[in-house]
Structure formats: C-alpha cells, structure tokens
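Undergrad: I'd like to ask some things about the structure below.
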Amino acid sequence: MNYYAMFTDQSGKDGIPVFFEARMFEQPIVGNAFSKENSIYYNWMKPGFNEYELLPEYYLYTKCVDLEFDYYKFANHYIISEDFLLLISKYNVAYTKGRVYVFSSEDNSELALRKKYFFVKFDYAEGLIDYTNSIYEVSLSDKGEPIVHNGVKYIRKYEKIELIDENIYSEVFLIKDPILGFNLFCTDQFKIDAENMKVYALMFVALPDYLDFVKYSGFLGKETYERLKKRDTLDIE
C-alpha cells in the first residue's frame, strides 16, 4: 500500500497564509486579540495526547483577511473547510468538529469568506507503526529509559518509517505518534478523490519522502526546499 501525508501548500498561493497570524478563542472577545489581556491557554493548545471535547463554536481572529483554504494545521488540530469535510465524510473517519467563525483582528469584524470552516479533532489510530522494520531513535528519560506515556512510545527521530497495512482501516487516518501525529495521512484512493475534487492547495507527500520533506520545509515551496537542502549539503561537506 502507498500512503501519503497531507500538507498545506504555504508557498504563497492566494488565500493561503504562509504564516497564519491568528488566535482562536472559545467565545467572542473585546479588544486586541493579540494583547496580553486576551492571552488565554486552552486544552487544545497543549502538546501531547490530551483528552477533551471540542465545543460547538470557536472564534478565530486573524491578520490574514484574504483566506481561502481547505486544510490547515492549527494548534493540535486542523481548520478544515466544509467542502473538504464533505469528502472526508464519505469514509470511515472518526472526528469531532466545532464551527469556526472568522474575524479581522484589526477591528474585530466578522469576515465574509467564501468557505465555511470547522475546527476538527481526529481520533488517533494506534498500532500503525511497524517498529521492527522502521529505523528510529527513542527518547530517553533522565534514567536512560525509553519514554512511554499514555501508551505512546516517544521517538526522538526517524530515519525510515514503515506502517502495518493490516492495521489501517480508513482511507484517512491520524497516527498516534509524537512526530507523525502532526499530519493527516491517507491512501491512494483518498488522494485520487481529493485531486478529482480539486481540493485547494493541498499537498500529498509519499511516506518515503516524508522525513526529507519536513526537514527541508517542503510545504513552503520547491524553491525553499531546494535551497535548504543545498545549504545542509554544503554544511556537511
């Protein structure tokens, strides 16, 4: 089986923030969204594999007023368009969602966007990594012991990643892993369906290319990827 990681193309396409200057809240705010007074830390911002329920609504305040994307990693989860969710809903994918209302951080006025957005929390799939055939280095505690927390083996870095085909039951899945858990993964079939649907600015990176792509920020575009990789090669020489 072939698997792909999903990335947002942040190379400068219209409506896709290169850097998403935004803050999201669980209720509407007064004043400057980026001020100290509005600094609020929610459970869904915390790293790790925390358990909590999403709310029905969220309020996003952003400096990027020209928005039109279908998939964007935000905090520990994803902001996904209604169009893309309709495609995902065709498959056996476990997730919960809350509607996202988007506002300009300049004057707190609601933005009239073409797409509707949702904050989406996908269930993690466990037992997908083939540790026997993958090459990796585990994270160690102060006592020199491998770190395992909430059933998750903490990996410091991978050199090669293999998945267990028979444990993958969905066309779209989120791997419970401290490194791989940043991106949704999918099968060939979902990739084909998404491309036929013309999902906007979504990049599919084959699993064998994943580590290299992340290391050299391929989501920022081919030029950036090649420049960073060339610089790394020159540093090694």
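Undergrad: Cα-based Rg of the stretch 84-225 per 2.2 N^0.38 Å, rounded to two decimals?
TA: Values: Rg = 18.0 Å, N = 142, 2.2 N^0.38 = 14.5 Å.
Taking the Cα Rg and dividing by 2.2 N^0.38 Å, one obtains 1.25.
Undergrad: What pairs in Lys121/Lys230; Lys46/Lys215; Lys63/Lys121; Lys116/Lys222; Lys63/Lys198; Lys116/Lys229 have C-alpha atoms more than 32 Å from each other? Kindly include the intermediate steps, with their values, before the conclusion.
TA: Working: Lys121/Lys230 36 Å; Lys46/Lys215 23 Å; Lys63/Lys121 24 Å; Lys116/Lys222 29 Å; Lys63/Lys198 27 Å; Lys116/Lys229 37 Å.
The pairs that break the limit, which is 32 Å between Cα atoms, are Lys121/Lys230; Lys116/Lys229.
Undergrad: What percent do you get for the relative contact order of the chain when only Cα pairs under 8 Å and 6+ apart count? Intermediate results must be reported in sequence, preceding the final value.
TA: Details: 408 pairs, mean separation 60.7, N = 237.
Worked out over the chain, it gives 26 percent.
Undergrad: Measure nothing but the geometry: give the 0 to 90° angle between the long axis through the Cα atoms of 222-236 and the longest principal axis through the Cα atoms of the chain, rounded to 10°.
TA: 40 degrees
Undergrad: Given only helices, namely DSSP H runs of n ≥ 4 each adding -39500 (n - 2.57), what is the per-residue ellipticity at 222 nm of the chain, to the nearest 500 deg cm²/dmol?
TA: Result for the chain: -4500 deg cm²/dmol, rounded to the nearest 500.
Undergrad: Loop only by DSSP, 16 or fewer other Cβ within 10 Å of the Cβ. Give me the chymotrypsin sites (Phe, Trp or Tyr not before Pro) in the stretch 1-105 that pass, ordered by residue number.
TA: Values: sites: Tyr3, Tyr4, Phe7, Phe19, Phe20, Phe25, Phe34, Tyr41, Tyr42, Trp44, Phe49, Tyr52, Tyr58, Tyr59, Tyr61, Phe69, Tyr71, Tyr72, Phe74, Tyr78, Phe84, Tyr91, Tyr95, Tyr101, Phe103; in loops: Phe19, Phe20, Phe34, Tyr41, Tyr42, Phe49, Tyr52, Phe69, Tyr91.
The qualifying sites are Phe19, Phe34, Tyr41, Tyr42, Phe49, Tyr52, Tyr91.
Undergrad: Looking at Asn38, Phe7, Val152, which one has the Cα that reaches farthest to the positive end of the dipole of the chain (charges on Cβ: Lys, Arg +1; Asp, Glu -1)?
TA: Positive-most Cα among the choices belongs to Asn38.
Undergrad: Suppose we keep just the DSSP beta bridges with both residues in the stretch 3-231; what percent of those would be antiparallel, to 5? If you can, show how the numbers build up before the last one.
TA: Details: 37 of 45 bridges.
The answer is about 80 percent antiparallel.
Undergrad: Another question, then. Test of understanding: in a Gaussian network model of the chain with alpha carbons linked when under 10 Å, which of Lys46, Lys90, Lys36 would top the mean-square fluctuation ranking?
TA: Lys36
Undergrad: Arrange the residues Asp70, Asp209, Asp188 by how much accessible surface each exposes, largest first, with a 1.4 angstrom probe.
TA: Numbers: Asp70 5, Asp209 85, Asp188 55 Å².
Highest to lowest solvent-accessible surface, that is Asp209, Asp188, Asp70.
Undergrad: Pull up all non-local amide H partners of Ile161: gap of 5 or more, or a different chain, and H-to-H distance under 5 Å with H placed in the peptide plane.
TA: The answer is Ile135.
Undergrad: Just the Cα atoms of the chain: what Rg and Dmax do they give in Å?
TA: In order Rg, Dmax, the Cα atoms of the chain give 18.8, 54 Å.
Undergrad: While we're on this one: Run the simple label-point estimate for Met45 and Ala94 please: 7 Å along Cα→C-beta, distance reported in nm.
TA: Inter-label distance under the simple model: 2.8 nm.
Undergrad: Can I ask one more? Any idea what the relative contact order of the stretch 27-109 is, in percent, if you count C-alpha pairs under 8 Å spaced at least 6 apart? All intermediate terms of the calculation are to be shown ahead of the outcome.
TA: Working: 83 pairs, mean separation 31.7, N = 83.
With pairs under 8 Å counted, the relative contact order is 38 percent.
Undergrad: Using Cα springs under 10 Å in a Gaussian network model of the chain, which residue among Lys176, Lys63, Lys198 shows the largest mean-square fluctuation?
TA: Highest fluctuation of the listed residues: Lys198.
Undergrad: Now, a different point. In sequence order, what are the phi-derived ³J(HN,Hα) couplings for the stretch 59-73 according to the Karplus relation 6.51 cos²θ - 1.76 cosθ + 1.60 with θ = phi - 60°, rounded to whole Hz, with x for glycine and proline?
TA: Along the stretch 59-73, the couplings run 10, 9, 10, 9, 7, 9, 8, 9, 10, 7, 9, 10, 7, 8, 5 Hz.
Undergrad: So, taking all protein chains as they sit and a 1.4 Å probe, how much accessible area belongs to Lys191, in Å² rounded to tens?
TA: Accessible area, nearest 10 Å²: 40 Å².
Undergrad: How many angstrom lie between the C-alpha centres of the stretch 74-141 and the stretch 150-213?
TA: Measuring centre to centre over Cα atoms gives 13 Å.
Undergrad: Compute the acute angle (0 to 90°) between the alpha-carbon long axis of helix 188-197 and the principal axis of greatest extent of the alpha-carbon atoms of the chain; round to the nearest 10°.
TA: Long axis of 188-197 versus the principal axis of the chain: about 30 degrees.
Undergrad: Follow-up question, since we're still on this one. Considering Cα pairs under 8 angstrom that are at least six residues apart, work out the relative contact order of the stretch 96-212 and quote it in whole percent. It would help to have the intermediate numbers written out before the result.
TA: Values: 131 pairs, mean separation 23.7, N = 117.
Taking the mean separation of contacting Cα pairs over the length of the stretch 96-212, I get 20 percent.
Undergrad: With the Cα gyration tensor of the stretch 56-109 in hand, give its eigenvalues times 5 under a square root as the equivalent ellipsoid semi-axes, listed largest first in whole angstrom.
TA: They are 24, 12, 9 Å, listed largest first.
The values are calculated or read from the model by the stated rules, or taken from the named source; none is laboratory data. As the structure is a prediction and not an experimental result, all values here were calculated from the model. Please note: Cβ atoms are built from the backbone with ideal geometry, for glycine as well, and neighbour counts cover all protein chains shown. All accessible areas refer to the heavy atoms of the entire protein, side chains included, with ligands and DNA or RNA removed. Shrake-Rupley method; radii C 1.70, N 1.55, O 1.52, S 1.80 Å.
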